[in-house]
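These notes concern the structure reproduced below.
The values are calculated or read from the model by the stated rules, or taken from the named source; none is laboratory data. What you see is a predicted model; the values in this text were computed from it and never measured. Every residue, glycine as well, gets a Cβ built from its backbone with ideal geometry; the counts of neighbours run over all protein chains shown. What goes into the accessible areas is simple: the full protein's heavy atoms, side chains included, and nothing from ligands, DNA or RNA. Shrake-Rupley method; radii C 1.70, N 1.55, O 1.52, S 1.80 Å.
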Amino acid sequence: MTDLAAVVLAGGSARRMSGVDKPMLPVGGRPLLHRALAAVAGADPVVVVGPARDGITGVRWAREDPPGGGPVAAVAAGLRHVSTSRVVLLAGDLAGITPSTVERLTTALGDADGALLTDDTGRRQWLIGVWRTASLRAVLPAEPHGAALRRVLGHLEIVEVPAAPGECADVDTPQDLDRLA
């Protein structure tokens, strides 16, 4: 994966999970954040946007300003550390993400601005994608705090890549965690 960086968003408040450190919840004996980092192991740099966690090495840590400013603010914070032409954007709560997912998205990108995974209903998964870094920078608002990711990125040229079963599974609620455990 040459000329490919990764930005993993791992700083949300996890309100539906009673504020636990959701990216560090184990699924199948492995923390969710570790799964995302394994999926982008060939990227350089790998930037994790969120509070630094013990035991995670080989990444750059970044924080959105202000912390908790939402995914667009987190993307902006992560991109400050990226100089590659392409970047993987992933949520830190993905249970089904694999290196194969990232490879398929990278291959699908072609000349488009981005390649996104779509779930079994065809819905775009905004935080499972590979993007042209310049395209992201061009559409980021001057004030990213609280901006909606779909609105910011939705006008770009996007290739949709259908997910394999379970590939875009994430943990948003205690029920999700129970289902995936």
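A few notes on this one:
- With R₀ fixed at 35 Å, the C-beta to C-beta distance from VAL139 to THR57 puts the FRET efficiency at about 0.60.
- Per residue, the convex hull spanned by the Cα atoms of the chain amounts to 108 cubic angstrom.
- On a per residue basis, region 33-94 carries 38 Å² of accessible surface, using protein heavy atoms and a 1.4 Å probe.
- Cα principal axis extents for region 96-181, largest first, Å: 39, 31, 22
- Counting every pair of alpha carbons in region 1-99, the share spaced more than 23 Å apart comes to 17 percent.
- For the residues VAL47, VAL87, VAL20, a GNM of the chain with alpha-carbon springs under 10 Å puts the largest fluctuation on VAL20.
- Within the chain, helix-based [θ] at 222 nm, where runs of 4 or more DSSP H residues each add -39,500 (n - 2.57), nearest 500: -7000 deg cm²/dmol
- Spin-label proximity, ALA148 to region 66-99 - amide N less than 16 Å from point 7 Å beyond Cα toward beta carbon: 70-73
- The GluC sites (Glu not before Pro) of region 139-171 meeting both criteria, a DSSP state outside H, G, I, E and B (loop) and at most 14 other C-beta atoms within 10 angstrom of the site's C-beta, are GLU157.
- For the chain, DSSP calls about 40 percent of its internal beta bridges antiparallel.
- Cβ-Cβ distance of THR106 and SER83, R₀ of 22 Å, FRET efficiency by 1/(1 + (r/R0)^6): the value works out to about 0.80.
- A rounded overall shape is assigned to region 43-102, the ratio a/c of its alpha-carbon gyration tensor axes (a ≥ b ≥ c) being less than 1.5.
- Taking 17 Å as the cut-off, the amide N atoms of region 108-125 that come nearer than this to a point 7 Å along the Cα-to-beta-carbon line of GLU157 belong to 108-116.
- Taking the Cα centre of the chain as reference, the dipole from Cβ charges on Lys and Arg (+1) and Asp and Glu (-1) amounts to some 260 debye.
- With all protein chains in place and a 1.4 Å probe, the accessible surface of the chain carries 50 percent carbon and sulfur.
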